[in-house]
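Have a look at the structure below before the remarks.
The values are calculated or read from the model by the stated rules, or taken from the named source; none is laboratory data. Bear in mind the structure is a predicted one, so any value in this text is a computation, not a measurement. Don't worry about glycine lacking a Cβ; one is built from the backbone with ideal geometry, like all the others, and counts go over all protein chains shown.
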């Protein structure tokens, strides 16, 4: 049960700063109170105007502190309810001074452990908010149907035991059949490895195919979790610019790569589709350099004009391409099931590595997912979601046309679950932080760059936001811009 605070922030925790800009002092005091446990998860903070009066500072000072705390994951705004301490905090609990001292010194960690600690990726676990990127419409998932399938399989005692590291055989067969028909992937069930997530696949690929110090090429802008995963394994990640045809590797001046990460069917986050000449040339370059191409086909099931584009993997029969996919977007993120298709010669090494890391994915959920596909529910669900997402994209574009004209330009897309908005004026990172306080999840384009970003943009995920909530969120965003 949440409680309302009044005046408690005036009792400042010991060790918090008493000098510096006022907004940094307010930020540090609130953060210290959260980390010490005085402000428990779910605690409601006073309104910014009330708090400013209590502290004797300008309201903008408190707003700036709240924006920073929300951007770092300490606070969450709930529309119509106020601002609360986040339920899932981004760091360990304890007073600030003690928290910093409790973190192991780099010398106490392995080199890999120190690298992982330095990366500090977002911990996640927070509820989806308006425009969250990469989140599907779980409100439209056929939950009653899923529960019936789950209940039927739940009576099988064999699914309570340990299982094969490569994955449940019927699920691998169903995945291979679907990828061959829908995505043009060339594979047999024996090449499919069932994983917990795409992120696990990226980690496995680095462990099995690359050594510390090897060069990996990553799209710029690109999926930042790839950079974090591979840098955590000691790889030298080099950004390669994306142009209108996709990864522009011809312009790269980096050393020859061991790994090349691409999202050719719907480049993340720009939305560019890699051209056929660029795909063929990239495959040839990979052969010349002895490199492996990692194709992440994260959301290409959702194409709203024509059939989904064929995968890059099918162009060379999967000889130099490792193909990643996930059910997180097509079904729901909590399922924690994904897949990796590898060339036949690499299967044994990957299966052994998977077994050593975490043995296998849950057999019961694998069996239910296989039934969902085999009985035709998966194909029907994808068809329904294509129509739903097309409607939600149209609702976002219409709301943006009415409320954001002259400030943010959104362009329609034939594929995917998000749109990239170009800012006509202003700073995207600043607007993103202000939107977070209002309960709106917008990621700035520069967050997906390793090097400098010369364009101001924001990512709008629309799949999980119903039209009525979308219109309200766009109006809030327009008010923030004003």
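For the stretch 193-213, indicate whether the set of residues that are at pLDDT below 95, part of a loop (DSSP other than H, G, I, E, B), surrounded by fewer than 18 Cβ atoms within 10 Å (Cβ to Cβ) and touching a helix residue (DSSP H, G or I) at 6+ places or on another chain (Cβ under 9 Å) is non-empty.
yes
List the residue pairs whose Cβ atoms are under 7 Å apart, where the first residue sits in the stretch 450-469 and is closer than 17 Å to residue 397 by Cβ, the second is modelled with pLDDT of 90 or more and surrounded by fewer than 17 Cβ atoms within 10 Å (Cβ to Cβ), and the two are 6 or more positions apart or on different chains.
457/422; 464/138
When residue 125 is evaluated against the numbered criteria (1) buried (at least 17 other Cβ atoms within 10 Å of the Cβ); (2) modelled with pLDDT under 95; (3) under 30 Å from residue 386 (Cα atoms), which criterion, by number, is the only one it fails?
(1)
Output the number of the condition that residue 242 fails; it satisfies all remaining conditions of (1) more than 18 Å from residue 322 (Cβ to Cβ); (2) crowded, with 19+ Cβ neighbours inside 10 Å; (3) in contact with a strand residue (DSSP E or B) (Cβ under 6 Å, 6 or more places away or on another chain); (4) in contact (Cβ under 8 Å) with a residue 40 or more places away in the chain.
Of the numbered conditions (1) more than 18 Å from residue 322 (Cβ to Cβ); (2) crowded, with 19+ Cβ neighbours inside 10 Å; (3) in contact with a strand residue (DSSP E or B) (Cβ under 6 Å, 6 or more places away or on another chain); (4) in contact (Cβ under 8 Å) with a residue 40 or more places away in the chain, the odd one out for residue 242 is (4).
Conditions: (1) over 20 Å from the mean Cα position of the chain (by Cα); (2) under 14 Å from residue 194 (Cα atoms); (3) without any contact (Cβ under 8 Å) to a residue 60 or more places away in the chain. Residue 361 meets all but one. Number of the miss?
In the conditions (1) over 20 Å from the mean Cα position of the chain (by Cα); (2) under 14 Å from residue 194 (Cα atoms); (3) without any contact (Cβ under 8 Å) to a residue 60 or more places away in the chain, residue 361 misses (3) alone.
For (1) surrounded by 18 or more Cβ atoms within 10 Å (Cβ to Cβ); (2) closer than 17 Å to residue 172 by Cβ; (3) not assigned by TED's automatic domain parsing to the domain that holds residue 166, each residue gets a yes or a no:
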| site | (1), (2), (3) |
| --- | --- |
| 316 | yes, no, no |
| 319 | no, no, no |
| 322 | yes, yes, no |
| 326 | yes, yes, no |
| 334 | no, no, no |
| 341 | yes, yes, no |
| 355 | no, yes, no |
| 358 | no, no, no |
| 368 | yes, yes, no |
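Can you list the strands (runs of 3 or more DSSP E) found entirely within the stretch 258-350 that contain at least 1 residues being within 18 Å of residue 222 (Cα to Cα) and touching a helix residue (DSSP H, G or I) at 6+ places or on another chain (Cβ under 6 Å)?
Filter on the stretch 258-350 gives 259-262, 292-296, 321-326.
Please work out if residue 17 is part of a loop (DSSP other than H, G, I, E, B) and either modelled with pLDDT of 85 or more or farther than 23 Å from residue 87 by Cα (or both).
Taking the combined requirement at face value, the residue satisfies it.
Can you tell me how many residues within the stretch 407-440 are in a loop (DSSP other than H, G, I, E, B) and either closer than 19 Å to residue 391 by Cα or at pLDDT below 90 (or both)?
Looking only at that region, the number is 12.
Return the residue satisfying two criteria in turn: it lies in the stretch 464-482 and is more than 16 Å from residue 437 (Cα to Cα) and within 21 Å of the chain's Cα centre (by Cα), and of such residues it is surrounded by the most Cβ atoms within 10 Å (Cβ to Cβ).
465
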